[in-house]
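This report concerns only the one structure given below.
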Amino acid sequence: MKEVSYYPGCSLHGTAREYDESIRGVSELLGLQLHELEDWTCCGASSAHCTDEALAIDLAARNLAIAEKSRRELLVPCVACYSRFKVAEKEVKEHSAKLRFSYQGNVPIRYSLDFFCDESILEQVKKKRVKPLKGLRVVCYYGCLTVRPPQLTGIKKYEDPVHMDRLMEILGAEPIPWSYKTDCCGASLVMTRTDIVRRLGGKLLSMAKEAEADCLVTGCPMCHSNLDTRQDELGKEVGDNFDIPILYFSELMGLALGHKDAKKWFGHHITDPIKVLSAKGLV
Amino acid sequence: MNSNSLLSEVAQVSGEKVQACYQCQKCSAGCPVAYAMDILPNQVLRHIQYDHREKVLGSKTIWICASCYACSVRCPNNIDIARIMDTLREIANRSGIKPGEKDVPVFHSVFLDTIKSKGRIHELSLILQFKIKTRDFFKDASLGLKMYRKGKIKLFPSKFGGGKEIKEIFNSFEKREVK
């Protein structure tokens, strides 16, 4: 059993609980033992980096220092946390930033989607898949920070990423080409300029609908929250009605791998995915 | 370069070469929130070069920027414009210039207060504090109830043991603020 450190981040202890539960569920099925970092604290995103750079580095580095004690890979499902951790790592490695915590930049920081797209994991998924997601048309929505900036993420095809599409194919689903893979949903403005989020989110769902997708797949808790919880508002904004389930890639992995709790995860969604999935005979 | 100019301050804090901008406007063309800005990203860079401090630090733009990094990855001169926006928000916070967007800086300060007191973001505490500050109690109330029914709202913050370190981090931040 491979051991991995785990930093859930604040969203996964609240609104994104189905993301947390499905990541844990899928990890178990793949023989990964997750060790949640003891006494982890908020990474500071997005407010710390908008306020004071040193504060942003400190808040991230405190967690990285805890992770470095074990030298295990650090699995990070929230892409905002991931991005802040990678910035702190870069500051330490390339600019020898002085920190109040003992952190040398020696923890492999892994964003969940990238981690589960490793060849070794994909091989296991192929072998352990019990319920291919046959007939499920998905649009893969990567958003911003999963791919940008590539100097931090290491993603080569940052304008047209394909790794989530490939994962979906392996799960048996049908990823559909669309042009909005990496467009921003405006997440950080959801509390303050909700009007902007409505416009950007409305556009994304219109395009998903135009592509005739059964659902939209993401690996970002902020994108998920924006697109899942406000579909009536987003619809009004663009003069349409939406009923497009927004799923975490890990939920679809869990479904294809036959995890017993998959239906429970879907129960936490505001836009019900069970209707679409049962029409396809998947739940 | 005048060492007191906004240009040198931005260059020093961000490490970015603002002068390298030749106004191709690629940043603004690809910006998903440009439509809501009062000055476009390429114009921000020009105003920095001209030392138009009030215009830049008092703009809506620096608070509207969603940090999506589309501009940074597409700039032909490798200027990390999203990082410059962070730097401008940092300078604006300390400038005393009235922010062009009222609620966004308030949100950031409530967010940081929540980390300071709880170590983690407890979403419900954050939202309630923000509503108290902005006096907009009804916005998203029915959405909140729906989310509660779906088990998405955690009523109480979780306990954490890193309080002393968090306090130290914020102490040194507050010292920098006073300077």
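The values are calculated or read from the model by the stated rules, or taken from the named source; none is laboratory data. Keep in mind it's a predicted model, so treat the numbers as computed, not measured. Note: ideal-geometry Cβ built from the backbone for every residue, glycine included; neighbour counts use all protein chains shown. Heavy atoms of the whole protein, side chains included, go into the accessibility calculation; ligands, DNA and RNA do not. Shrake-Rupley method; radii C 1.70, N 1.55, O 1.52, S 1.80 Å.
Listed values, structure above:
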read-out	value
Relative contact order (percent, whole number), chain B, Cα cutoff 8 Å, 6+ residue spacing	17
Column: log10 I(q)/I(0), Debye, Cα scatterers of chain A, q = 0.13 Å⁻¹	-0.86
Inter-chain Cβ neighbour average for residues A:180-188, partner chain, 10 Å	4
Average beta-carbon neighbours from other chains, 10 Å sphere, peptide B:31-40	3
C-alpha long axis of helix A:53-68 to longest principal axis of chain A, angle in °	90
Chain B: radius of gyration and largest Cα-Cα distance (Dmax), Å	18.9, 59
For chain A, calculated [θ]222 nm from helices alone, where every DSSP H run of n ≥ 4 adds -39500 (n - 2.57)	-13000 deg cm²/dmol
Nearest-ten-degree value, helix A:194-210 long axis tilted from longest Cα axis of chain A	50
Debye equation applied to the C-alpha atoms of region A:94-143, log10 I(q)/I(0) at 0.14, 0.22 Å⁻¹	-0.64, -1.01
Cross-link partners of B:Lys60 among lysines (Cα-Cα below 16 Å; sequence separation of 8 or more within a chain)	B:Lys98, B:Lys102
Debye, to nearest 20: dipole size of region B:103-178, +1 on Lys, Arg Cβ, -1 on Asp, Glu Cβ	400
Relative contact order computed over region A:2-114 (Cα-Cα under 8 Å; 6+ residues apart), in percent	30
Geometric extent, Cα atoms of region A:122-278 - Rg, Dmax (angstrom)	15.2, 46
Cα gyration tensor shape of region B:103-178, rounded if a/c is under 1.5, else prolate or oblate by comparing a/b with b/c	oblate
Ranked by how many other beta carbons lie within 10 Å on average, peptides A:214-225, A:47-58 from highest	A:214-225, A:47-58
All lysines inside 17 Å of B:Lys118 as judged from Cα atoms, apart from same-chain residues fewer than 8 positions distant	B:Lys154, B:Lys159, B:Lys164, B:Lys167
Chain A: angle of helix A:119-128 to the longest principal axis, Cα-based, in degrees nearest 10	40
Mean Cβ neighbour count within 10 Å, used as a protection proxy, ranking B:49-61, B:67-79, A:18-30 highest first	A:18-30, B:67-79, B:49-61
Stokes-Einstein translational diffusion, region A:2-114 - Kirkwood Rh over all Cα pairs, 0.890 mPa s, 25 °C, in µm²/s	174
Count of Lys pairs (Cα-Cα under 24 Å; at least 8 positions apart or interchain) in region A:134-214	7
Shielding by partners - mean other protein chain Cβ count within 10 Å, residues of B:110-123	5
Summed buried accessible surface, chains B and A, 1.4 Å probe, nearest 100 Å²	5100
Convex hull volume per residue for region A:214-266, taking Cα atoms only, in Å³	77
Partnerless cysteines, meaning none of the other Cys C-beta atoms lie under 4.7 Å away, in chain B	B:Cys21, B:Cys24, B:Cys31, B:Cys65, B:Cys75
Sulfur and carbon atoms: percent of accessible area, the protein assembly as shown [1.4 Å]	50
